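To start, the structure under review is shown below, and the notes come after it.
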Amino acid sequence: MVETVENHAVSGSARNSAGLGPTDAERRHDPAARGFASDNYAGVHPEILAAVALANGGHQVAYGEDAYTAHLQEVFRAHFGPSAQAYPVFNGTGANVVALQAVTTRWESVICAESAHIHVDECGAPEKLAGLKLLTVPTEDGRLTPELIDRQAWGWGDQHRAQPRVVSIAESTELGTVYSPEEIAEICRHAHDQGMLVHLDGARLANAAASLGVPLRALSTDAGVDIMSFGGTKNGLMFGEAVVVLNPDAVRGLDYLRKLSMQLASKMRFVSVQFEALLAGDLWLRNASHANAMAARLADAVRDIPGVALTRPVRSNAVFAVLPAEATERLQKRFRFYTWDESTGEVRWMTAFDTTEADIDTFAAAVREELTE
């Protein structure tokens, strides 16, 4: 006898009487609530949700052999050039780990800023999962320069030193700063002249491009970047990032690396269609420009409040400030945000595509209240 789902289904009334909870999903948060901890806290842009619904229904071949992923290559090439190849993955750490593995061997290393996400915020994944040594360089603003790179770019041929192979930069950086196209091009030339490759962590590349008023390729393909991680989650997607190969001669085995790194989505069409909605038109730019504008509005609203000291230029969707510890503690009971540096009291406030002017004004007013008590 073949057992069916109906044989084991529990009716709604039985579930409720058994204390198993509701039969339908219920909203368990206040949709009007806003915080300034991370752009990852934001929901999904309505146009992205509509795209996911569009891709639903019927069957499509799994593991990337679907119509949406095939078409996605055209979308990425429109932004990054005819040689670009996109590999959708689940998240940013996965994108960075897969990308860095594709351009290195086990005895090679990656030069990055001391504040880089791959060093500070990925639980050692590039080192533990990819087996790569990270050679870090202290920076004032999160940005590398050829001179800073040279502090770690040495020791080739020395069997006792992990061989420098890749320079990894982030755009925008963890400190909210941005590289100009010329600065990235200079880094790429310098790295290539020494036989190294360049990886771009582009989790917020859209924010940087919007801030600078340049196309995405100006900060990547045209500047000489070899491989990049392109962010979607922070710019309105439900989930999903992409490894984008810009120099096909620099990589190897990316299909296999994505799988063994547990970043191959079975129902990949739902990742790919989100990127199509983001990139086929100007949604990426609208979302990033709005988030940047809200950060600028926040900085303007708090810069003259006694007790608040803005610590870094606002170039993307991040605002860094120092305020008294007791005021921070009170404010964090009202709004979510992170203390960036416990030793100095520096905090970070992030804005997102769905942050409103009213959200900014309400938060700025709360900052003023906490500092004038």
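A few points about this structure:
- Taken along its principal axes, the alpha carbon cloud of the range 30-137 reaches lengths of 46, 40, 25 Å, longest axis first.
- Accessible surface area normalised per residue over the chain is 47 Å², counting heavy atoms of protein chains with a 1.4 Å rolling probe.
- When each full DSSP H helix of the chain is screened for a Cα extent of at least 27 Å along its own axis and an average Kyte-Doolittle hydropathy of at least -1.0, the helices passing are 283-302.
- Given a 1.4 Å probe and the protein chains as shown, F90 ends up with an accessible area of around 80 Å².
- Summed over qualifying helices (DSSP H, 4 residues or more, each -39500 (n - 2.57)) and divided by its residue number, the chain shows a 222 nm mean residue ellipticity of -10500 deg cm²/dmol.
- For the range 319-373, a crude dipole built from +1 on the beta carbon of Lys and Arg and -1 on the beta carbon of Asp and Glu, taken about the Cα centre, is about 100 debye to the nearest 20.
- Computed magnitude of the charge dipole of the chain (debye, nearest 20; Cβ of K, R +1, Cβ of D, E -1): 580 debye
- List V225, V322, ordered by accessible area with a 1.4 Å probe, largest first: V322, V225
- Compactness of the chain as Cα Rg over 2.2 N^0.38 Å, two decimals: 1.08
- Cα pair count fraction exceeding 22 Å, expressed as % - the range 247-343: 57 percent
- Relative intensity, log₁₀ I(q)/I(0), of the range 178-264 from a Debye sum that treats every alpha carbon as a point, q = 0.13, 0.19, 0.25 Å⁻¹: -0.46, -0.91, -1.25
- Stretchable slack from A365 to R336, in nm (0.36 nm times residue separation minus alpha-carbon distance): 8.9 nm
- Relative contact order [Cα under 8 Å, 6+ residues apart], the range 175-223, whole percent: 48 percent
- Normalised by the number of residues in the chain, the average gap of Cα pairs under 8 Å and 6 or more apart makes the relative contact order 22 percent.
- Percent accessible area from carbon and sulfur atoms, the chain, protein chains only, probe 1.4 Å: 52 percent
- Cα Rg, Dmax (largest Cα-Cα span) when computed across the range 324-373, Å: 11.3, 32
- Partners of K267 within straight-line reach, counting lysines whose Cα lies under 26 Å from its Cα and excluding those fewer than 8 residues away in the same chain: K234, K259.
- For the pair R161 and A33, label points projected 7 Å from Cα toward Cβ lie 5.1 nm apart.
- Once the Cβ-Cβ distance of A50 and T356 is raised to the sixth power relative to R0 = 22 Å, the FRET efficiency obtained is 0.60.
The values are calculated or read from the model by the stated rules, or taken from the named source; none is laboratory data. Keep in mind it's a predicted model, so treat the numbers as computed, not measured. A quick note on method: Cβ atoms are made from the backbone with ideal geometry, for glycine too, and the neighbour counts reach across all protein chains shown. Keep in mind that these areas ignore ligands, DNA and RNA; they rest on the heavy atoms of the full protein, side chains included. Shrake-Rupley method; radii C 1.70, N 1.55, O 1.52, S 1.80 Å.
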